Amino acid sequence: MEILLYLTFALFCWPIVTCNDEQSLEPGAEGFLKREHTLVRPFQGTVLVYAELWDFTGSTIVTGTHIRLTPDHQSKAGAIWNRIPCMLRNWEVLIHFKVHGNGVDLYGDGFAFWLTKGRNEMGKVFGSKDPFSGLAIFFDTYSNQNGEHAHVHPYVSAVVNNGSMSYDHDYDGTHIQIAGCSAPFRGREHDTFASIRFVNNRLTAKLDIDGNGEWRQCFDADEVFLPLGYFFGISAATGDLADNHDILTFKVFELPADETSDISDTALLNLVPHAKTAEAPRDKPVGVFQRKSMSTIFMFLILLIVCGGIVFFLVKRQQTNAKKRFY
Ligand SMILES: [Ca+2]
């Protein structure tokens, strides 16, 4: 079935892909483009073929120039998920993206890149399931946590999860991150790109977001262990705040290994994802109330007032009945 998908894709899409894929990016130059994991413009006209390789979920819409995971509206979630498991030991993903909207000071929540065991399941982590097993790289535009330990947002961070850890939005997920960096990728007039490389258990992220065609390193994490057979995806979500989260290109390259490995494919298929480096646990800043925390407190107060009213009403009625019986 997979071979049939590849052949269909090659027959119908190859000319379109090669003729219109004008973006040449330095980091992917040494790799071999894996078309079964790749999405390039134009998307319209190729949607039926791409639908064999990808799922387009939730609020996602496909236009000729971009895939919009969420519009600039509240409470939306969308995702794209590759149907073909990644069997590459060393790879690079290049993402051409655009996060933008009408918000000047308030916008959110961001998008996430995934390489996970499960796929196409909606949830609370930038539109995807929590907890997850595999790798996530979050492009978080809204700072839920301020105060002493705050990172400047937008913030890019990587999490490797074996399925046991939940993402905590109140920490912006940074209590379980393996690496991260602040990066003002949102609302830029020019094109913005991310490069994520996984070579010999080393995970690096570079960003080209300044409009000068130069890549700068976001993070470099060694001793990261990811299985074969997981799935690529990208998801995004909006909440009380919103943004357009657009993907313009998603390219996956197979990269040569720097050194040989004697680990079998079977062992890698059964590997439990893990990483050596992780943030030390830290306390949540005291006295910092964020948008979502405030919503929770507000709802609690409303509930308290309603319950108080009901209790007051019942007590008054009981007192009235007691008086009637007395007279
Ligand atoms: Ca956040």
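Taken together, the values in this text are just the output of simple stated rules run on the coordinates, not laboratory data. In this text the structure is predicted, and so the values were computed from the model without any measurement. When we count neighbours, we look across all protein chains shown, and the Cβ atoms used for this are built from the backbone with ideal geometry, even at glycine.
Note the full-extension length gain between T65 and R202 as 0.36 nm times their separation in residues minus their Cα-Cα distance, in nm to one decimal.
46.0 nm
Ranked from highest to lowest mean number of other Cβ atoms within 10 Å per residue, what is the order of the peptides 199-206, 151-158, 210-217?
151-158, 199-206, 210-217
Multiply the residue gap between F225 and H73 by 0.36 nm, knock off their C-alpha separation, and tell me the result in nm, one decimal place.
51.0 nm
Quick one: order H245, H169, H73 by neighbouring beta-carbon count within 10 Å, fewest to most.
H73, H169, H245
For L106 paired with M87, estimate the spin-label separation in nm (one decimal), with each label point 7 Å from Cα along the Cα-to-Cβ line.
The modelled label-to-label distance comes out at 5.0 nm.
Roughly what would the spin-label model give for I310 and D265, points 7 Å off Cα along C-beta, in nm?
Using points 7 Å along Cα→Cβ, the separation is 6.0 nm.
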